[in-house]
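The values are calculated or read from the model by the stated rules, or taken from the named source; none is laboratory data. Every value quoted in this text rests on a predicted model; they were computed, and no experiment measured them. Every residue, glycine among them, receives a Cβ derived from its backbone with ideal geometry; neighbour counts consider all protein chains shown. Only protein heavy atoms, including side chains, enter the accessible area calculation; ligands, DNA and RNA are left aside. Shrake-Rupley method; radii C 1.70, N 1.55, O 1.52, S 1.80 Å.
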Amino acid sequence: MPDSRTLVLGSWDNNIYVYSVEFGHVLESVLAHDDAVSSVHWQNDLLLTSSWDTCVKVWRYRPESSGKKGPSPLFLAELEHETEVNCVNIDASSKYAVSGTVDGSLIIWNLEDQTMLSQHSVHSDVVKAVCFSPDGQRVLSAGADQYLKVLDVNTGTEIYSKSAGEGLRCAAWNGDIVLVGGDSGNLHVWDLVEVKPMATLRRHKGAITCLAVSPNGKHVVTGGEDKTVVLWSVT
């Protein structure tokens, strides 16, 4: 969260947990879904949670700046899917969301009226990660089928499709480059202006399960199944 004092976590027990980093304990738990919570994403006071119960839920939530317990997440809406939802993301304006499902579908939503804008069958296996470009005009998806895909939000046109040669687990958009973590521990870096791979970096001994980019875009942190966290410098 932006206060650097609070974490919101999704759990196998169907709950979301609000955790104080400063005080080292759970501030609150909320029974959010009827099955495991697969991902959470927060942007501009909107919290989205996805689940294997085939839905994404939209909440209003802002943590207390003190790091102490504040108002509980307020449920706003439910976005129904036809199958389990594995990942979700919000664009910078908080007007649109994108979700990825276990059957390889990518769905774009209007959050202002909670309607589906478009649905695209882009992967042959589970969609592991989704995110918007900084300008909100494109959507990236990374799949267990080894493919990285980029779609135009307005037209649904597939702009980019590239096999990484391994199953993909997580992804982040950083300016004109995309970073993707793979099953074998590789961090793939793609230049989407020149539309070409820039580098494949290896520091983990197992799959990269999560990654994040610092607000200034100069650093990347990755976490892996090898129980290590690696800090990278973007040059």
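Let me spell out the model: positive unit charges on the Cβ of Lys and Arg, negative unit charges on the Cβ of Asp and Glu, origin at the Cα centre of region 162-235. What dipole size does that give, in debye rounded to 20?
Values: 8 positive and 7 negative charges, 35 e Å.
Rounded to the nearest 20 debye, it is 160 debye.
Would you kindly calculate the translational diffusion coefficient of region 28-149, applying Stokes-Einstein with the Kirkwood radius from alpha carbon pairs, for 20 °C and a viscosity of 1.002 mPa s, and quote it in µm² s⁻¹ without decimals?
Working: Rh = 14.6 Å.
Estimated diffusion coefficient is 147 µm²/s.
What is the percent carbon and sulfur in the accessible area of the chain, measuring with a 1.4 Å probe over the protein chains and ignoring ligands?
On the way: 5350 of 11180 Å².
About 48 percent, which is the carbon plus sulfur part of the accessible surface.
Got a sec? Charge dipole of the chain, +1 on Cβ for Lys and Arg, -1 for Asp and Glu; which of Ala92, Ala212, Trp232 is way out at the positive end?
Trp232
Under the 0.36 nm per residue contour assumption, what length would be gained going from the current alpha-carbon distance of Val21 and Val229 to full extension?
Numbers: separation 208, 0.36 × 208 = 74.88 nm, distance 1.74 nm.
That pair, Val21 and Val229, stretches by 73.1 nm at full extension.
Any number yet on Rg/Rh for region 87-190, C-alpha, Kirkwood? Could the numbers behind the result be given before it?
Working: Rg = 12.6 Å, Rh = 13.3 Å.
Across region 87-190, the Cα-based Rg/Rh ratio is 0.94.
Would you mind working out the magnitude of the charge dipole of the chain relative to its Cα centre, with +1 at each Lys and Arg C-beta and -1 at each Asp and Glu C-beta, to the nearest 20 Debye? Spell out each step's value before the answer.
On the way: 18 positive and 29 negative charges, 187 e Å.
So the magnitude is around 900 debye.
What span do the alpha-carbon atoms of region 67-124 cover on each of the three principal axes, reported in whole Å from largest to smallest?
Projected onto its principal axes, the Cα set of region 67-124 covers 44, 21, 20 Å.
What does the charge dipole of region 107-235 about its Cα centre add up to, to the nearest 20 debye, if the Cβ of each Lys and Arg holds +1 and the Cβ of each Asp and Glu holds -1? List each step's numbers first, then the result.
Working: 11 positive and 14 negative charges, 110 e Å.
Computed about the Cα centre, the dipole is about 520 debye.
Only one of the values (1) 1.10; (2) 0.95; (3) 0.98 was calculated from this structure for Rg/Rh (Cα atoms, Kirkwood Rh); name its label.
Looking at Rg/Rh (Cα atoms, Kirkwood Rh) for this model, the match is (2).
Using a probe radius of 1.4 Å on heavy atoms only, what accessible surface per residue do you get for region 146-208? Whole Å² is fine. Write down the numbers at each step before the final one.
Working: 2860 Å² over 63 residues.
Roughly 45 Å² per residue, with all protein chains present.
Could you name the lysines whose alpha carbon sits less than 17 Å from that of Lys227, not counting residues in the same chain fewer than 8 places away?
Of all the lysines, those that pass the test against Lys227 - Cα under 17 Å, at least 8 places apart if same chain - are Lys205.
Please report, in Å, the Rg and the Dmax of region 42-94, where both are computed over Cα atoms only.
12.4, 40
Under a Cβ-Cβ cut-off of 11 Å, what is the net charge of the residues other than Ala77 that fall near it, where Lys and Arg count +1 and Asp and Glu count -1? Can you show the working numbers first?
Working: positive: Lys57, Arg60; negative: Glu78, Glu80, Glu112, Asp113.
Residues close to Ala77 contribute a combined charge of -2.
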